[in-house]
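Laboratory data are not the source of any read-out in this text; all were calculated from the coordinates shown. Computed from a predicted model, the values in this text were never measured in an experiment. Cβ: placed from backbone, ideal geometry, glycine included. Neighbour counts: every protein chain shown.
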Amino acid sequence: MTDASSTRPDATRPDVTLLVGCGALGTALGERLVADGGAVTAIRRDASALPAAFSTIEADLRHPLSSPLPAFDAVVITLPPGTGPEGSIYPAALTHLAAALPARPGRVLFVSSTRVFEGYGSEEFDGPDARAALTESDPTRTTGERGDALVEGEQLAVDLLGAIIVRPAGIYGPGRDSLIRRVREGAPVDHERRTNRIHEHDLVRLLEALLRAEDPPALVHAIDQEPVRLGEVVAHIAARLGVDVPPHTSPEVGGGTVLDGTRAHAMLDGLAFPTFREGYDAMLEV
C-alpha cells in the first residue's frame, strides 16, 4: 500500500474550512486538514461527538441559521439527501447555507453519489459491442427518489455556491464493513451485479486534493481502479475469512454500472487501495 501525497508540492490547503454535515467522511477530512495546520468548523445537528480540535455549530439546516456565518476559504458538503415524507433536505439546506455565508467561498465541494447513474443498470457493459464505462461526460439517469434528490442537490450546489461535484461509489473502509458481515453470515449475494467502490482513505485524499488544486475539474467520479462483479469481491473476502462463498440470490438480477475514474486517479499520485483486494485485506488484518 502506498499513501503518496495527494497534491502537488506547491498546492495550498485552505486556511479555514467549513464542513457541512460532517459524518465519518467529513470528520476524517477535517482531521487531515487540522493535522496540516488548517482550522475546521463543522455544522451538525448534534456536534457532541466531533473532535475537540474542530470548532462546531449545532444547527439543523432545514431551517434558517440563527446568525450569519463567518467567512470561510472552503466549504465541503457531505449531507445525505434525506428523502421521505419531508422530501429532500437539499433545497432548504443549501439555500439556508448560501444565505448565511457572507460571500461565496473560493472553493466548495458537494459530495454526491454515483447513484445518479442507477438508470444505466440494465445496459450491457461486457462484450465487444458493450457500452463504454460511464465518464463525467455522460448524462445522469435515475430511477428513484434518492437519485432524483442527488441530481437536484448537485444542480443547486452549483447554482448557489459554484460547487465542484464529487460522486463516490461504494465507500468502504474501517467502520464500513457491511459486506464483510454479510459474507461471515453467509447471506445470499447477487454475484452478477456490477460494482464500483472507493476506500474512504482514498476518497478523503481526493477531497483534500480538490481543495488544494489550482484548477480543479468541475465534476469527478471517485472510484478505484477495478470495477468488478460483486461475486468476485465476496469470493475474495470469503477466502480471507476461511468461510464458504455466499450463495447466489435467486433469481440474480445483475445490473449495476461500470464507471471510469481516470479523472480522479490523475489528481492523486497513486491510490492507497487501488482495488478491493488491497482495501479489504487491510480491513481484515486489523
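Based on the Kirkwood radius over alpha-carbon pairs, what value in µm²/s does the Stokes-Einstein equation return for the translational diffusion coefficient of the stretch 71-192 at 10 °C and 1.306 mPa s? For the chosen part, D equals 95 µm²/s.
In debye, nearest 20: dipole of the stretch 1-142 around its Cα centre with unit charges on the Cβ of K, R (+) and D, E (-)?
Working: 11 positive and 17 negative charges, 101 e Å.
It comes to approximately 480 debye.
Computed over the Cα atoms of the stretch 1-136, the ratio of the radius of gyration to the Kirkwood radius (Rg/Rh) comes to 1.06.
With both bridge residues required to lie in the chain, what share of the DSSP beta bridges run antiparallel, to the nearest 5%?
10 percent
What is the magnitude of the charge dipole of the chain about its Cα centre, with +1 placed on the Cβ of each Lys and Arg, -1 on the Cβ of each Asp and Glu, and no other charges, expressed in debye to the nearest 20?
Details: 26 positive and 41 negative charges, 104 e Å.
Result for the chain is approximately 500 debye, rounded to the nearest 20.
Counting beta carbons within 10 Å around each of Asp281, Asp129 and listing the fewest first gives the order Asp129, Asp281.
Quick one: if the Förster radius is 22 Å, what FRET efficiency do Glu278 and Glu124 give, using the C-beta to C-beta distance and rounding to 0.05? Don't skip to the end; give the middle numbers.
Working: r = 29 Å, r/R0 = 1.31.
Efficiency at R0 = 22 Å is approximately 0.15.
With point charges of +1 on the Cβ of Lys and Arg and -1 on the Cβ of Asp and Glu, referenced to the Cα centre of the chain, which listed residue (Ser137, His221, Cys22) lies farthest in the positive direction of the dipole? Final value for the positive-end residue is Cys22.
Running a GNM on the chain with Cα contacts under 10 Å, which residue among Ala235, Ala98, Ala130 ends up with the highest mean-square fluctuation? Comparing Ala235, Ala98, Ala130 in a Gaussian network model of the chain, the most mobile one is Ala130.
Can you pull a Stokes-Einstein diffusion coefficient for the stretch 152-286 at 37 °C (0.692 mPa s), Rh from Kirkwood over Cα pairs, as a whole number of µm²/s? The diffusion coefficient I find is 204 µm²/s.
To make sure I understand, if each residue's beta carbon is the centre and we count other beta carbons within 10 Å, what order do Asp244, Asp148 fall in, fewest to most? Before the final figure, lay out each step's value.
Values: Asp244 9, Asp148 17.
Arranged by neighbour count, lowest to highest, Asp244, Asp148 become Asp244, Asp148.
Over the stretch 1-144, what is the relative contact order in percent, taking alpha-carbon pairs closer than 8 angstrom and at least six residues apart? Before the final figure, lay out the partial values.
Working: 190 pairs, mean separation 28.5, N = 144.
Across the stretch 1-144, relative contact order equals 20 percent.
Estimated purely from DSSP H runs of n ≥ 4, each contributing -39500 (n - 2.57), the mean residue ellipticity at 222 nm for the chain is -9500 deg cm²/dmol once divided by its residues. Amide H contacts of Leu109: Val75, Val76, Ile77, Ile164, each under 5 Å away and 5 or more positions distant or on a separate chain (H built 1.01 Å from N in the peptide plane; Pro and chain starts excluded).
Suppose we take every Cα in the chain and form the convex hull; what volume per residue is that in Å³?
Values: hull volume 41.9 nm³, N = 286.
Value for the chain: 146 Å³ per residue.
Sorting 67-77, 246-256 by their mean Cβ neighbour count within 10 Å, with the most densely packed peptide first, gives 67-77, 246-256. In a DSSP loop and with at most 16 other Cβ atoms within 10 Å, the GluC sites (Glu not before Pro) in the stretch 151-216 are Glu192, Glu214.
Report the residue, chosen from Pro128, Pro216, Pro274, that carries the largest GNM mean-square fluctuation when the chain is represented by alpha-carbon nodes joined by springs under 10 Å. Evaluated over the chain, the most mobile residue of the options is Pro128. Its Cα gyration tensor gives the stretch 62-110 an equivalent ellipsoid, and the semi-axes of that ellipsoid, as √(5λ) in whole Å with the largest first, are 21, 13, 7. With 10 Å bins beginning at zero, the pair-distance distribution over Cα atoms of the stretch 217-275 amounts to 19, 36, 30, 14, 1 %.
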